[in-house]
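Written out below as structure tokens is the structure these notes cover.
The values are calculated or read from the model by the stated rules, or taken from the named source; none is laboratory data. The model shown is predicted, which means the values in this text are computed figures rather than measured ones. Counting neighbours? That spans all protein chains shown, and the Cβs are built from the backbone with ideal geometry, glycine included.
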Amino acid sequence: MRVTIVKVGEEAKVRFPFSRQIIEAVREMPGRLWNPDEKYWSIFVVDIPDFKRRIESMGHTVLIVEDRQSYRGPANSGTNQGWADSLFTAVGPDRVKSVYRALCKVLHPDADGGSEDLMKELGNAYGRHRSQ
């Protein structure tokens, strides 16, 4: 199971599919809060390394994203990766093509809820990752 941590300032938003084991690990973190409206746990950024070690010791994968802009917005130039680059890096080269095809079905502008901007970003990231 993958746990995604999005760093936003001094706060880190933790998202994951329902798991009692992970919820217990989050509850052990100091200063953790539950946001019922957006459905995520919040921990302090300084606690990420300890939390990551706990989650990985349970056999789960942890994806850490630097900020909400790089997680949801257009790909940034320079060293920051966009959400699509982070995704392709996380899934590995063997799954890039299948993940790309699955997301194309959802993000295509002709699909219900699709987005031309997200589709372009996905295509650009796929072009960078498919040859790796």
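What is the number of the single condition among (1) more than 17 Å from the chain's Cα centre (by Cα); (2) more than 17 Å from LEU63 (Cβ to Cβ) that ASP47 does not meet?
It fails just one condition, (2).
With the checklist (1) assigned to a helix (DSSP H, G or I); (2) out of contact with any Leu (no Cβ under 9 Å at 6 or more places or on another chain); (3) closer than 30 Å to SER131 by Cα; (4) at pLDDT 90 or above in hand, flag the one item VAL46 doesn't pass.
Condition (3) is where VAL46 drops out.
If you take the residues in the stretch 9-39 that are of a type in the set (Phe, Trp, Tyr) and surrounded by fewer than 17 Cβ atoms within 10 Å (Cβ to Cβ), which one is farthest from the chain's Cα centre (by Cα)?
As a first pass, look at the stretch 9-39 and keep what is of a type in the set (Phe, Trp, Tyr): 16, 18, 34.
Then drop every residue that is not surrounded by fewer than 17 Cβ atoms within 10 Å (Cβ to Cβ), which leaves 18, 34.
Working: PHE18: 16, TRP34: 18 Å.
Only one residue fits best here, namely TRP34.
For VAL65, state whether it is surrounded by 14 or more Cβ atoms within 10 Å (Cβ to Cβ), β-branched (Val, Ile, Thr), modelled with pLDDT of 90 or more and closer than 30 Å to LEU118 by Cα. Lay out the reasoning, then the answer.
Numbers: surrounded by 14 or more Cβ atoms within 10 Å (Cβ to Cβ): yes; β-branched (Val, Ile, Thr): yes; modelled with pLDDT of 90 or more: no; closer than 30 Å to LEU118 by Cα: yes.
No; evaluated as a whole, the condition is false for this residue.
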